[in-house]
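Beneath this line is the structure, given in structure tokens, with notes to follow.
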Amino acid sequence: MMRILSLMVGGLGLVGVLGGCTSAAYTSSGDALSDLMNPKLNYRVRAAAVGPSRDAAKSNPSLTAATDSALERIAWNPLEHETLRSAAIRELLEAGGATAAAAKERARVALARERSIEVIGVICDEASARGWTEFVPSMIRSLSRGIKGVEEKDRAERVALRKLAPGKDAAQTAFEVFVNNPAAPSGASATWNAEQRADAWDVLDREDPDGTRRRAWVYGLQPRPDDAVLSALGASVRELRMLPRTSKELEWLLAIRKDAGVDAWWGEVSSAVAKIADDERLELRHAESLRWATAKHPEWVASTRAGLLATLKARLEGREHFARTADSSDRRPKDRLEQVEARLGWADLVQILVIDELLSDVTLFNALVQQAGLDRKDSTTEYGGVLEAGGSGPRAVLYMPRGSERPGDNRFVASPEMIAASRFGLAHYHFHVQEWRNQDYAGPSEQDLDYSHRYGRACVVLTGIREGSLGADYYDPNGVVVDLGTRPLRSR
């Protein structure tokens, strides 16, 4: 029996005759189920045996059950060839009855993290053809992950979403999934709904990178006191004018809201924000620097952008600077203030001034030099921590990486403890001290910039220039880098 396999891959309809995928049409050995399960046969031959194996079992309930079980093992096994898996998935979804119902739920779960382009295409094709709108959240989850070799506009998920959610773009659909947070499919993990929201928010980060649409949508939401996530977002946008852009930054906001000391901190930030012009774009990473500057340097908060820029230029004048040369020039971000000043907003400049002020504290900076010395002796990872500007005075709190978070001497991995403890932190920092004279690596790597964007944090990388001297580079989620110059170990 000849069967047609229609695949949606990257938004293109690919139709192939399974019996014609090999050099010769499928010829049964007399036991199609055995052929299907024979790992020694070519995957195309096995895929061609999918339909005949189930056809042969139709009059035998026990053989039908055995065949369906075999198809399920193939369908959801990532080690099987994607063409064979695709044929098995389609056969199960077309089987009818309890078999199809179970396959449908399994497909909803699998799609969220499926890596095969072909399998994604088959599931999206089947769901859109049948009008299965309950697959929309899984499609959004799948869309949150980039796929190499496929243009975003051609993704099978987008093709299916246009059919299942007509008249809406991916951002609108993702926001609806985020807000409504539909019930998880049967068989999904206990964390499905939290992950569903995180993935939807990451799709929105891609579709609405500056947050303009999300801000408007959040403003338009009715209060939902029973929903901690929506309540936190509403409070952040309305009271602080700050919108988390990524799912990790959203986690940060939720951690702040759960902290026992949030009320006092939130009130101070809110009071500081109330004095700032309405058209100034603020982000969550600005909150602590605005709070601290309002108390310690009110002249900065009262200054214009031009005034802040002049203050920062004066502070940086005369310092020794080193540009990162380890990367090719076309990938290397500019890092001198005069090269990037047009990309810095008023709140960015306040933040940089606060960070520079903390780094100018002798006790704090000498602690950083000591930490760099520890990192220099450890070739299993890069060390890092959190810059804090709390009431007890500025601190550089080092968080030692776990044993499982030591990928080598050229990579920093923030521990869960560090992330959890940095709710009210000013910035994250780490070191580049594979050797003390490490000028070629002065400044953030591409991975470092990705980290800043993913977590929504202001960051500082401290590079060994000579023993006891560290160069400091600020960088932010927008990919802006500012060389803050070199500082030596100092006595009080």
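Computed quantities for the displayed model
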{"read-out": "Cα centroid separation, region 422-492 to region 216-258 (Å)", "value": "29 Å"}
{"read-out": "For region 72-87 and region 88-103, distance of Cα centres in Å", "value": "14 Å"}
{"read-out": "Protection proxy ranking of 218-228, 366-376 - average other beta-carbon atoms within 10 Å, highest first", "value": "366-376, 218-228"}
{"read-out": "Bridge type composition, the chain - antiparallel percent by DSSP, nearest 5", "value": "80 percent"}
{"read-out": "Charge-dipole axis of the chain as Lys and Arg at +1 and Asp and Glu at -1 on Cβ define it, positive-most pick from Ser69, Ala310, Val397", "value": "Ser69"}
{"read-out": "Charge dipole magnitude, Cβ of K and R +1, D and E -1 - region 313-488, Cα centre, debye nearest 20", "value": "160 debye"}
{"read-out": "Relative contact order (%) - the chain, alpha-carbon pairs under 8 angstrom, separation at least six", "value": "10 percent"}
{"read-out": "Residue exposure sequence - Cys459, Cys124 - by fewest surrounding Cβ within 10 Å", "value": "Cys459, Cys124"}
{"read-out": "Exposure proxy order (Cβ contacts within 10 Å, fewest to most) of Glu134, Glu207", "value": "Glu134, Glu207"}
{"read-out": "Shape category assigned to region 78-176 from the gyration tensor of Cα positions, a/c cut at 1.5", "value": "oblate"}
{"read-out": "Dipole magnitude (debye, nearest 20) for the chain, charges at Cβ of Lys, Arg, Asp, Glu", "value": "360 debye"}
{"read-out": "Ranking of Ser53, Ser270, Ser144 by count of other Cβ atoms within 10 Å, fewest first", "value": "Ser270, Ser144, Ser53"}
{"read-out": "Gyration tensor (alpha-carbon) shape descriptor, region 343-492, a/c threshold 1.5", "value": "rounded"}
{"read-out": "D_trans [Stokes-Einstein, Kirkwood Rh over alpha-carbon pairs] for region 4-187, 10 °C, 1.306 mPa s, µm² s⁻¹", "value": "94 µm²/s"}
{"read-out": "Unit charges on C-beta of K, R, D, E only; dipole of region 212-301, Debye", "value": "280 debye"}
{"read-out": "Taking region 313-488 and dividing mean pair separation by its residue count, relative contact order in percent (alpha carbons under 8 Å, at least six apart)", "value": "25 percent"}
{"read-out": "Rg and Dmax [Cα atoms of region 212-301; Å; Rg one decimal, Dmax integer]", "value": "13.1, 41"}
{"read-out": "Residue (of Ser289, Leu243, Ala216) at the positive-pole extreme of region 212-301, dipole from beta-carbon charges", "value": "Ala216"}
{"read-out": "Among Leu93, Leu164, Gly468 - extreme Cα towards positive end, dipole of the chain, charges at beta-carbon", "value": "Leu93"}
{"read-out": "Cα gyration tensor, region 280-402 - rounded (a/c under 1.5), prolate or oblate", "value": "oblate"}
{"read-out": "Protection proxy ranking of 184-191, 247-254 - average other beta-carbon atoms within 10 Å, highest first", "value": "247-254, 184-191"}
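Taken together, the values in this text are just the output of simple stated rules run on the coordinates, not laboratory data. The shown structure was predicted, so the numbers you read here are calculated from the model rather than taken from an experiment. No Cβ is skipped: glycine too gets one built from the backbone with ideal geometry, and neighbour counts run over all protein chains shown.
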